[in-house]
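Notes to accompany the following structure.
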Amino acid sequence: MENSKSQSVIGSSRRQFLKTSSFAALGGALAVTGQASGGRSSGDVLKVGLVGCGGRGSGAAAQALSTGEGVVLTAMGEVFADRLQSSRKSLAANEQFGARVKVPDEACFVGLDAYQKVIDSGVDVVLLATPPGFRPQHLRAAVEAGKHVFCEKPVATDAPGVRSVLESAAMAREKNLALVSGYCWRYHPSRRAFYQRVHEGGLGSIRAIYATYLTGPVKPMPPASRRPAGMSDVEWQLRNWYNFAWLSGDGLVEQACHSIDKIAWAMNGVLPLKAVATGGRQFPNNEGNIFDHIDVFYEFPDGVRAFMAQRQISGCYSDNSDYLMGSDGVGTIKGWNDPIITGKENWRYNGPKADMYQVEHDELFACIRSGKPINDGIWMAHSTLMALMGRMAAYTGKEVSWDEALNSQEKLVPDNLTWDMALPINPMAMPGQTKFV
């Protein structure tokens, strides 16, 4: 249940939200249940627990272990035993850090409650990499237990989840815990230099932003005929999690959230006033209920507009780029290329290169050891909510304001989830018919 402070935030105006969503304001209403975490010396061992052992989770564990000899993986949690064992075997076989994969059988936890068992196993740092529908619950449990956290993106699939994440982020600040986000472009050297230059006036005043996420399908939904006899609704949906809005949030939220985060980054904390969107499903998705294309049109103060084009359909033109139009120039990030600015002052990034996924973890473990924890909580929640308001606008066909998105009572993630419960699949949204909640 949300506390009284959360209810105050939920009922606030957009301007009031800008004031009350600070860490200090939110954190002051939360009980601190753990001791503040000081710095650690470089010789101290930091024990890591992995929650979610798929490709992204295994990658996060590898990056954590690559930060130095003082990091050891001691616990793993998954809903599927075969996935956990495959991840453990692969990590242990790594020549660089395999000897520091010290996860005995009794620290391999399987089931919907595996996250709590990992948290309770004595680890110092928790890596959260399950489908994002679980993120708010897992983050809350980790922070309440006094753990440092790497939190994959996006951080929720509905507005109640975002509100929970804001509270957890405030609690992490109060407890002096690190909370590093999986919005990885924020840790990319060339993007950091580019957006710093934008914030310093390298484009003049931003007038418009156009972002693209035009790709193929990520995890196509198999036909219902391939569902094994006796497989529960919950297992079927978890095995095909990307195709269900409660688990993935939709392709706009789960994948194009990176592009939306870069829009938010360019706007330097200025929140959108409202959004409209178009979208739908071009190809049948069997039992799934997400769109395969959404275009979102955001309006910011002073008439600034941002346009997000997202499509995940095979055989189409692909582009994953960012185009920023300012009063004094144009900024372009074409795919994975280095950013450029053309206009009054031309600029191209020519600085050092680094793996942004590794930088995330290098900075996470360095800040833990320094006792000066990073907390990405507010902006990672805001970027997720920007994606959600786009989905809300596309699914309903309505214009959706920031306040409406933040205050939405639509709760997609089931309460008290159990493996064998009946879990009917919500129908595909129909713009103009689906109601805003």
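Observations on the model:
- The set of residues from the range 143-189 being small (Gly, Ala, Ser) and either in contact with a Leu (Cβ under 8 Å, 6 or more places away or on another chain) or closer than 20 Å to residue 388 by Cβ (or both) comprises 146, 156, 159, 161, 164, 168, 169, 170, 172, 178, 181, 182.
- Residues satisfying the stated conditions in the range 229-242, i.e. among the aliphatic types (A, V, I, L, M) and crowded, with 17+ Cβ neighbours inside 10 Å: 234, 238
- Residue, nearest to residue 53 (Cα to Cα), within the range 167-208, restricted to residues that are outside any helix (DSSP H, G or I) and out of contact with any helix residue (DSSP H, G or I) (no Cβ under 9 Å at 6 or more places or on another chain): 176
- In the range 161-203, of all residues being within 18 Å of the chain's Cα centre (by Cα) and among the aromatic types (Phe, Trp, Tyr), the one that is nearest to residue 57 (Cα to Cα) corresponds to 183.
- Counting only strands (runs of 3 or more DSSP E) that sit completely within the range 310-363, those holding 3 or more residues that are surrounded by 18 or more Cβ atoms within 10 Å (Cβ to Cβ) and either free of Cβ contacts under 8 Å to residues at least 60 places away in the same chain or not assigned by TED's automatic domain parsing to the domain that holds residue 67 (or both) correspond to 322-326, 329-333.
- Answer residue from the range 404-437, given it is exposed (fewer than 14 other Cβ atoms within 10 Å of the Cβ) and among the aliphatic types (A, V, I, L, M) and is farthest from residue 244 (Cα to Cα) among those: 437
- Just one of the numbered conditions (1) in a helix (DSSP H, G or I); (2) under 19 Å from the mean Cα position of the chain (by Cα) is not true of residue 411: (1).
- Leading residue by the ranking (nearest to residue 165 (Cα to Cα)) among those in the range 370-392 that are out of contact with any strand residue (DSSP E or B) (no Cβ under 6 Å at 6 or more places or on another chain) and not in a helix (DSSP H, G or I): 373
- Cβ-Cβ distances below 7 Å connect the following pairs, each with a first residue in the range 269-297 that is in the same structural domain as residue 234 (by TED's automatic domain parsing), a second residue that is basic (Lys, Arg) and part of a loop (DSSP other than H, G, I, E, B), and a separation of six or more residues or different chains: 291/281; 292/281.
- Condition check for residue 234: in the same structural domain as residue 333 (by TED's automatic domain parsing), within 23 Å of the chain's Cα centre (by Cα), modelled with pLDDT of 95 or more and not in a helix (DSSP H, G or I): no
- Exactly one residue among 193, 256, 211, 245 is assigned by TED's automatic domain parsing to the domain that holds residue 326, of a type in the set (Gly, Ala, Ser), touching a Lys or Arg at 6+ places or on another chain (Cβ under 7 Å) and surrounded by 15 or more Cβ atoms within 10 Å (Cβ to Cβ), and that residue is 211.
- Any hit, the range 107-114, residues being touching a Gly at 6+ places or on another chain (Cβ under 7 Å), at pLDDT 70 or above and either charged (D, E, K, R) or crowded, with 20+ Cβ neighbours inside 10 Å (or both): yes
- Test for residue 247: is it in contact with a helix residue (DSSP H, G or I) (Cβ under 8 Å, 6 or more places away or on another chain) and at pLDDT 95 or above: yes
- Applying the criterion of being surrounded by fewer than 24 Cβ atoms within 10 Å (Cβ to Cβ) and more than 13 Å from the chain's Cα centre (by Cα) to the residues of the range 124-137, the residue that is farthest from residue 161 (Cα to Cα) is 124.
- Test: residue 86 is at pLDDT below 50, in the same structural domain as residue 145 (by TED's automatic domain parsing) and assigned to a helix (DSSP H, G or I): no
The values are calculated or read from the model by the stated rules, or taken from the named source; none is laboratory data. Predicted model only: the values in this text are computed from it and were never measured. FYI the Cβ positions are ideal-geometry reconstructions off the backbone, even for glycines, and counts take in every protein chain you see.
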